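Here is the structure we will look at.
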Amino acid sequence: MGTPLDTARSQAVVEARLGRPAQDMFEAAVVLEAWAGVPAKGALEAGRQMTRAPSGAGTPSRGVLNRTPPLEGLALEAVAFVASMIAIACWAAPLSDALGVHVLERALIIALPLTIALQWAINSRYLSRPRGTVHLGRHPLALALLPGGVILVLTTLAGASGLIAGLLSVMWTGGTVLIASRLPDEYVGLVLLATTGIYAGLPAVAVLAGAAAMTTVIAIVAVAVTLGHDEPTHKPGRWTRVGLAGAIGLGIGVLLVADRSVDWSLGAIPALGLLPSTIASFWGGAYLWRFQEVLPQATAGITVSGGSVRGAARIPLQLLAGAIARQVTVTAAFSVLLVFGAQAFGVTMSGTTVLVGFGFVALATLLVGLLEAVGRGVWAVVALGVALLVEVVVSSQSTHQQPGIGLVAGAATVVVLVLPVAYFALSRPATTLATRLRVT
């Protein structure tokens, strides 16, 4: 007992006791220490040498891969989101008349980035998790106090514009929770009710305040009733990752409003211009969702010691190409329909350049969302920072050109910087899968 063993003898002892090869160095060390009397330090070293030594050809995994859970209710959510966007777009003209053009413009410039940042953060922390709304249901007091806190801070900092921005942010963010809670009809109903009140001549601020309050109350009830009826299978997202997701959302929102040639106070036109890219984003994003299934498929049947296998990245890269093709095609098709529709009804568009810019923003959002999902969110934030700098510089130099040139330049910069990283991530499916398992 205690006599040093060479690798071959150690392996023989371990396999005799276990009836199979050791799974790792720790299992081998336990056997050697318990049955051969090898001291702990020596047992660990022997286990390391044993598991490092070749033991014949590697055996590929034969495990059954789970299929990606379907995105249930996606079509209904898309229809609800588009319907609410159209209704909200119709608020711009009456709100401009009631509050003033400059007040509304400043409110939208504040509300859009803030809302997108909050949506990304909440999705990362809760809503992207299976049954994640249960986690939200455990914090009803925070859900009740935070909207008021946001409105109070924004009103203190920006006056009337801050008040309107806070009300819009609360309503839009609460709508995200309602849609995730499978209550899209209720959200659309609230938006339509608010639209009716605004066009009926009721005080605009009172209508928005009522809509924001009702959205908050229904969202709290919706997540609270899940307690005791459901149980989440995953913990909430880590705060470090939530902060990174919020920074990405903020960057996307600022990208939308940094080019001041895109006037968000011009009635419904800018908001309606988002429709083509928004519709395309639902389809492209739903298609790219399959990467959770495709990554394990690409590495199935390959031994760990087999190294890189030619052709393993083909399916993930085809998935990326398919998502991009779908998004570009649908954006272009609906943009053409929007332009022809505007001409038929004699409506003046902000310019086709703005539609191109929105299309690039949607594509950039798709790509940075992929990077965030596989643990490369830092690069997405860096790319957005560089793109914002490009957008500000270009828009400041193009005051006499088509509106939206800066938006196109900034969003295209994100795509150029992020696409190679996304390509690299999916061309190495095993590494990307391991990274995703670590960050999820």
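The values are calculated or read from the model by the stated rules, or taken from the named source; none is laboratory data. None of the values given here were measured: they were computed from a predicted structure. Here the Cβ positions follow ideal geometry from the backbone for every residue, glycine too, while neighbour counts run over all protein chains shown. We work out accessible area using only protein heavy atoms, side chains counted, and drop any ligands, DNA or RNA first. Shrake-Rupley method; radii C 1.70, N 1.55, O 1.52, S 1.80 Å.
Details
- Residue order for 391, 372, 33 - accessible surface, 1.4 angstrom probe, largest first: 33, 372, 391
- Rolled with a 1.4 Å probe across the full set of protein chains, the surface gives residue 44 an accessible area near 60 Å².
- Computed over the stretch 206-258, the P(r) curve from all C-alpha pair distances, binned at 10 Å from the origin, holds 18, 21, 43, 16, 1 percent per bin.
- Probe 1.4 Å - accessible area at residue 199, Å² to nearest ten: 130 Å²
- Take residue 274: with every protein chain present and a 1.4 Å probe, its accessible area is about 30 Å².
- Charge context of residue 383, other residues only, Cβ under 15 angstrom, K/R +1, D/E -1: -1
- Of the residues 259, 97, ranked by 1.4 Å probe accessible area with the largest first, the sequence reads 97, 259.
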